[in-house]
Amino acid sequence: MRKILVTGGAGFIGSHVLEKLRLHGFTDVTVLDSFVSGCRAHIPDGMRVVEMDVRDPQLSSFLAREHFKCVIHLAAQTQVPYSMEHPEEDADINIMGLLNLLEGCRKSGVSQIIFSSSAAVYGDNPHLPLKEEETVRPLSFYGLSKAVSESYIRLYCHEYSMDGMILRFANVYGERQGESGEGGVISIFAKKIARGEDLTVFGDGSQTRDFVYAGDIAEVIVRAIGEPGVHVLNVATNTRVSLNELIELFRKLTDHPFAVHYGPVRDGDICDSVLSNEALNKTLGFRQFTNLSEGLKKTLEDTLKHC
C-alpha cells in the first residue's frame with residue numbers, strides 16, 4: 001500500500017479525499033496543512049497530521065525523511081476575487097508553494113503527484129463542452145496560477161520520471177464548503193437559505209455551470225493513485241445547469257422560504273461553462289456522478305446542522 005501525503009487535507013475537498021482514502025483501505029496517510037483556512041475537525045480520527053505551509057523551507061527535509069510514494073496536492077489559494085486583488089500572494093502560494101513541493105518530491109523520490117487544477121484555466125471559451133485540448137486562456141490570476149502550475153508539473157514529471165495526474169475540477173460543491181472560493185455559489189445559497197436570508201443573483205440567472213459533487217472529486221482522486229504516465233483530465237458531469245434551475249431545486253428541497261433578487265452582471269463572470277468528461281471516463285473509468293438533487297440535499301442538510 002502506498003505511503004500518501006495529502007497537502008491541504010483539512011480543507012473542503014481535502015476532507016472528502018481523506019474519507020475516501022480511509023474507505024478504500026489506505027492506512028498510511030499523512031495530512032499536511034497550514035490551518036490558515038483548514039479545520040482540524042475535518043480530519044478523521046487517528047490520521048497523522050503535520051502543521052506546515054507548503055512554502056516552508058523545511059518541506060524538503062520533511063519529505064526526505066518520510067519517503068512518500070504519492071503526493072495529493074490540494075493546498076492552494078482558491079478565491080478568484082482575492083487573486084485579482086492580491087496577485088503576488090496568489091502566485092506565492094499557488095506557484096512558489098508548488099515549486100517548493102515539487103523540489104521536495106524530486107529530491108525524495110516521490111513517484112506520483114496528483115494535482116487539483118481548475119476549469120478557471122480555460123477562461124471564457126465558447127467551444128462547449130470544453131475538452132482538455134483547448135488552449136488555456138485564464139481570466140483571473142487564480143486561473144493563471146493553476147495554468148502555470150500545470151506546466152511546472154508536466155516538466156518535472158518529464159525531466160525526473162514522475163507520474164502526474166492533473167485534474168481540472170468544474171464547480172465543486174458539497175458538505176463543509178466555505179462561502180469563499182471558486183464555485184462556492186451552492187454553499188453561499190445553502191447558508192443564506194438556512195439563515196432565512198434572500199438570495200442574490202448577478203445577472204438574470206440564465207448563466208450555466210457544471211456542478212460536481214466533492215465526494216465524486218474525491219473518488220476520482222483515489223482512483224488516480226498509481227495511474228502511470230502524465231495526464232490532464234477534466235472532472236465534471238458534462239451537464240449544464242442554470243442558476244435559475246439550481247434555485248428551483250433548492251425550493252423543492254427545503255421548507256425555508258426565500259426570495260431571489262437579481263443584480264447587474266459582475267465584471268469577469270463567465271456566462272456558460274461545462275466540461276467534457278470523455279477523457280476521464282476513458283482513463284479512469286469514472287462514469288457514475290452523484291445526482292445534483294441528491295448532492296444538494298446532502299449539502300443543505302449539513303448546512304442546516306451548522307448554521
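Within the range 1-41, restricting attention to residues that are of a type in the set (Val, Ile, Thr) and open to solvent by less than 20 Å² (accessible area, probe 1.4 Å), which residue is nearest to Val110 (Cα to Cα)? In this case the residue turns out to be Ile4. The condition of being within 17 Å of the chain's Cα centre (by Cα) and acidic (Asp, Glu) holds for only one of Glu19, Glu51, that being Glu19. Residues that are in contact with a Cys (Cβ under 9 Å, 6 or more places away or on another chain) and either within 15 Å of Leu102 (Cα to Cα) or among the β-branched types (Val, Ile, Thr) (or both) within the range 130-183 comprise Tyr156, Tyr160, Met162, Asp163, Gly164, listed in sequence order. Restricting the first member to the range 182-209 and to residues that are free of Cβ contacts under 8 Å to residues at least 60 places away in the same chain, and the second to residues that are surrounded by fewer than 15 Cβ atoms within 10 Å (Cβ to Cβ), the beta-carbon pairs closer than 7 Å and six or more apart or on different chains are Ile188/Glu179; Asp204/Tyr262; Gly205/Tyr262. Meeting the requirement of 3 or more residues that are without any contact (Cβ under 8 Å) to a residue 40 or more places away in the chain, the strands (runs of 3 or more DSSP E) wholly within the range 1-53 are 29-33, 48-51.
Looking for whichever is at pLDDT 95 or above and either open to solvent by 20 Å² or more (accessible area, probe 1.4 Å) or of a type in the set (D, E, K, R) (or both) here; the options are Ala218, Ala236, Ala259, Ala214. Which one fits? Going through Ala218, Ala236, Ala259, Ala214 in turn, just one is at pLDDT 95 or above and either open to solvent by 20 Å² or more (accessible area, probe 1.4 Å) or of a type in the set (D, E, K, R) (or both): Ala259. If only residues of the range 106-128 that are open to solvent by less than 10 Å² (accessible area, probe 1.4 Å) and hydrophobic (A, V, I, L, M, F, W, C) are counted, the one that is farthest from Ile188 (Cα to Cα) is Val110. Go through the residues of the range 270-283 one by one and say whether even a single one is more than 26 Å from Leu139 (Cα to Cα), within 20 Å of the chain's Cα centre (by Cα) and part of a loop (DSSP other than H, G, I, E, B). No: zero hits. Could you tell me which residue of the range 58-75 is surrounded by the most Cβ atoms within 10 Å (Cβ to Cβ), considering only residues that are in a loop (DSSP other than H, G, I, E, B) and in contact (Cβ under 8 Å) with a residue 12 or more places away in the chain? Among those that are in a loop (DSSP other than H, G, I, E, B) and in contact (Cβ under 8 Å) with a residue 12 or more places away in the chain, it is Ala75. Looking across Ala190, Ala218, one residue alone is in contact with a Ser or Thr (Cβ under 8 Å, 6 or more places away or on another chain), in a helix (DSSP H, G or I), within 22 Å of His16 (Cα to Cα) and not acidic (Asp, Glu). It is Ala190. There is at least one residue in the range 98-105 that is open to solvent by 10 Å² or more (accessible area, probe 1.4 Å), under 21 Å from the mean Cα position of the chain (by Cα) and without any contact (Cβ under 8 Å) to a residue 60 or more places away in the chain. Of the numbered criteria (1) among the acidic types (Asp, Glu); (2) assigned to a loop (DSSP other than H, G, I, E, B); (3) farther than 17 Å from Ser151 by Cα, the one Glu133 fails is (3). Checked against the criterion of being among the acidic types (Asp, Glu) and more than 21 Å from Val17 (Cβ to Cβ), the candidates Glu51, Glu88 yield just one match: Glu88.
Does at least one position in the range 136-144 carry a residue that is out of contact with any Lys or Arg (no Cβ under 8 Å at 6 or more places or on another chain), at negative phi, part of a helix (DSSP H, G or I) and surrounded by fewer than 19 Cβ atoms within 10 Å (Cβ to Cβ)? For the range 136-144, residues out of contact with any Lys or Arg (no Cβ under 8 Å at 6 or more places or on another chain), at negative phi, part of a helix (DSSP H, G or I) and surrounded by fewer than 19 Cβ atoms within 10 Å (Cβ to Cβ): absent.
The values are calculated or read from the model by the stated rules, or taken from the named source; none is laboratory data. None of the values given here were measured: they were computed from a predicted structure. Cβ: placed from backbone, ideal geometry, glycine included. Neighbour counts: every protein chain shown. When the accessible area is computed, the model is the full protein with side chains, heavy atoms only, and any ligands, DNA or RNA have been set aside. Shrake-Rupley method; radii C 1.70, N 1.55, O 1.52, S 1.80 Å.
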